[in-house]
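Engineer: I'd like to ask you about the structure that follows.
Derivation of every value follows stated rules applied to the coordinates shown; laboratory data play no part. In this text the structure is predicted, and so the values were computed from the model without any measurement. Please note: Cβ atoms are built from the backbone with ideal geometry, for glycine as well, and neighbour counts cover all protein chains shown.
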C-alpha cells in the first residue's frame with residue numbers, strides 16, 4: 001500500500017502526515033479484506049450454523065473498515081466531525097467483530113487471524129482519533 | 001425498492017418491521033445515489049473550484065449512506081451497538097453534507113435536491129435510532 | 001430515488017437523460033439492497049447449509065450492482081468503455097444470482113423476490129448498454 | 001495485508017492459493033486506496049478544472065478495484081464467470097485510469113504514483129484471469 005507516498009504528494013498536506021494516520025488507513029483496508037475473507041471462510045465451514053453471528057459481524061465490519069479507510073484517505077476540504085465519528089464507529093465495529101472472532105479462534109485459524117486484525121485496526125483507529133485533536 | 005417485502009419474508013422478523021426501519025433503509029440507498037450524483041454534477045460545473053468542499057462531503061456522505069443502508073438491512077444475529085453508531089454517524093454525515101449543499105442551492109439545482117435528500121435521510125436515521133431502543 | 005431530477009440538473013446533460021439510463025440506475029441500487037437482504041435472510045434460515053452458493057452469489061451481485069449504479073450515475077468526463085464493461089458484468093452477475101435465487105423460490109419468498117429483482121436489473125443493464133451505442 | 005494466511009486457512013482451499021490470486025487481491029485493495037487518494041489530491045489542485053476527467057476515472061477505478069478485491073477474495077461456492085468478467089472489467093478500468101493519470105505524471109507526483117499502481121493492478125488482474133483457466 002502506498003498511502004504514505006500518496007499523502008506526501010497531496011497539495012494540502014505539505015508532507016505532514018502523521019504515522020498514526022497512515023497506519024490507520026493501512027489497517028482499515030487490510031482489515032476490510034480480512035473480514036471479507038473470514039465471512040467467506042465461515043460460510044464454507046461444516047458448522048456454518050454456529051458461525052452466523054460471526055459472519056454477520058464480519059460483513060458489517062468489512063463495510064465499515066472499507067469506507068473508514070476511504071474517508072480517512074481524503075484530505076481535501078474539512079470533514080473533522082464526520083471523520084471522528086467514523087473512527088469511533090470503526091473502532092466499535094472492530095472490537096465487536098474481533099471479540100466474536102476470538103470466540104472461534106481455537107477451532108478456526110481464519111477467525112484467529114481475523115480477530116487479531118480487528119483488534120489491531122481498532123487500536124489504529126483510536127490512535128488516529130487521538131492524534132487528530 | 002422492495003425493502004418492505006424482503007424484511008417481511010426474513011426468517012428472524014416474522015413480519016415485524018417498523019416503518020421507521022424501512023424508511024431509513026430506503027432513504028439511505030436513495031441519498032447514496034443522490035450524493036454520488038451531486039459530487040459528479042459539481043465536478044462538471046465551471047466553478048468547480050468553489051465546490052471542492054461540497055464534492056468532498058458528498059463523496060463521504062455517499063459512502064456512509066451506502067453502508068448504513070447495508071448494515072440496517074441485515075437482521076440476522078445481533079449487532080445493535082454497531083447499528084446505533086452507524087445511524088448516528090450517518091445522521092451527522094447527512095447534516096454536514098446537507099448544510100453544505102444548501103449553501104449552493106440558489107446557484108445549483110442539483111445541490112438543492114441533494115441538500116433536501118440529505119436532511120430527509122438524517123431524519124430517517126434519527127427516527128430509526130429512536131425506534132430501536 | 002431522484003436519479004431523474006438529479007441528472008436533469010447535471011451541467012453536462014442539458015436535460016438529455018434516456019429513460020433506459022434512469023431505469024438502470026434505479027434497478028441497480030434497488031437490486032443491491034435486495035441482494036444484501038436475501039444474503040442475510042438466507043443466513044438466518046435453518047437450512048443455511050443448502051444456501052451457501054446463493055449467499056455467495058448474493059454478496060457478489062450486491063457489490064457489483066452497487067458500483068454499477070455509481071458508475072452509471074457519473075456523467076462528467078467520458079468513461080464509455082468502462083461503463084459498457086460494467087453494464088455487461090452487472091447483467092451477468094444478475095443472471096447468475098437471479099437463476100440461483102429462483103432455484104429456492106418455492107421454499108423461500110425472499111429468494112423469489114430477489115430472483116425477480118435480479119432478472120429485472122439484468123434487463124435494465126442490457127437495455128442501457130444498447131441505448132448507449 | 002494477510003490475504004495469503006487467510007486463504008491458506010479457508011476450508012475450501014486446502015492450502016491451494018496461487019501466487020497470482022494473492023497478488024491480484026493485494027493489488028486491487030492497494031489500487032483502490034491509491035485511486036481514492038489521487039481523486040482527492042486532484043480535487044485539491046489549483047488547476048482542478050484540468051483534472052476532472054482524471055478524478056472521474058479515479059472514482060470509477062477505485063470502486064471497481066474495491067469490489068474486484070472482494071469478489072476474488074471469496075472462495076466459497078462457485079462464481080467463475082462473474083469473477084472472470086470482473087477481472088476483465090478491472091483490468092480495463094486500471095488501463096484507462098492509469099493512462100489518464102500518466103498524462104499528468106510530470107506535473108503531479110500523485111498522478112505518477114497512481115498511474116503506476118493502476119498498471120500494476122491491471123497486470124495482476126490479467127495474470128489472475130489466465131491462472132484461473
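Engineer: What residue in chain B has the Cβ closest to the axis turning B into C, and how close is it in whole Å?
Structural biologist: Of all Cβ atoms in B, the one closest to the rotation axis yields B:29, 3.
Engineer: According to the Cα gyration tensor, what semi-axes, each the square root of 5 times an eigenvalue, does the equivalent ellipsoid of region A:24-125 have, listed from largest to smallest in whole Å? List each step's numbers first, then the result.
Structural biologist: Values: eigenvalues 141, 24, 21 Å².
Largest first, region A:24-125 gives 27, 11, 10 Å.
Engineer: Placing a label point 7 Å from Cα toward Cβ, how far apart in nm is residue D:50 from its equivalents in the other copies, listed shortest first to one decimal?
Structural biologist: Sorted ascending, the copy-to-copy spacings read 2.3, 6.2, 6.3 nm.
Engineer: Let me ask something else. Could you work out the helix-only [θ] at 222 nm for chain C, with each DSSP H run of four or more residues adding -39,500 (n - 2.57) and the total divided by the number of residues, to the nearest 500 deg cm²/dmol?
Structural biologist: Helix contribution divided over all residues of chain C: -26500 deg cm²/dmol.
Engineer: Put the label 7 Å from Cα along Cα→Cβ for residue D:109; what are its distances to the other copies, in nanometres, shortest first?
Structural biologist: 4.1, 4.4, 6.0
Engineer: What nm distances, shortest first, do you get from the label point of residue D:80 to those in the other copies when the point sits 7 angstrom along Cα to Cβ?
Structural biologist: 3.4, 4.7, 5.5
Engineer: Then there's this: Fewest first, what order do C:22, C:71, A:64 take by the number of other Cβ atoms within 10 Å? List each step's numbers first, then the result.
Structural biologist: Working: C:22 20, C:71 26, A:64 33.
By the 10 Å Cβ count, ascending, the order reads C:22, C:71, A:64.
Engineer: Using only Cα atoms, find the angle between the long axis of helix C:19-44 and the longest principal axis of chain C, and express it within 0 to 90 degrees, rounded to the nearest 10.
Structural biologist: 20
Engineer: Round to the nearest 10 and give me the degree value, 0 to 90, for the angle of helix A:109-132's Cα axis relative to the longest principal axis of chain A.
Structural biologist: On a 0 to 90 degree scale, this one is about 20.
Engineer: Sticking with this one: Considering every residue in C:41-50, what mean count of other chain Cβ atoms within 10 Å of its Cβ is obtained?
Structural biologist: Mean partner-chain Cβ count within 10 Å for C:41-50: 6.
Engineer: Could you calculate, for region C:73-133, the ratio of the Cα radius of gyration to the Kirkwood radius, expressed as Rg to Rh?
Structural biologist: Here the Rg-to-Rh quotient is 1.12.
Engineer: Same structure, new question: Please give the Cα centre distance for region A:36-100 versus region C:48-68, rounded to the nearest Å.
Structural biologist: 18
Engineer: Let a ≥ b ≥ c be the square roots of the eigenvalues of the Cα gyration tensor of the protein assembly as shown; is it rounded (a/c under 1.5), or, if not, prolate (a/b larger than b/c) or oblate?
Structural biologist: Values: a/c = 1.29, a/b = 1.18, b/c = 1.09.
Rounded, because the longest to shortest axis ratio a/c is under 1.5.
Engineer: Right, here's the next one. Helix A:80-103 versus the longest principal axis of chain A: what is the Cα-based angle in degrees, 0 to 90, to the nearest 10?
Structural biologist: Relative to chain A, helix A:80-103 is tipped by roughly 20 degrees.
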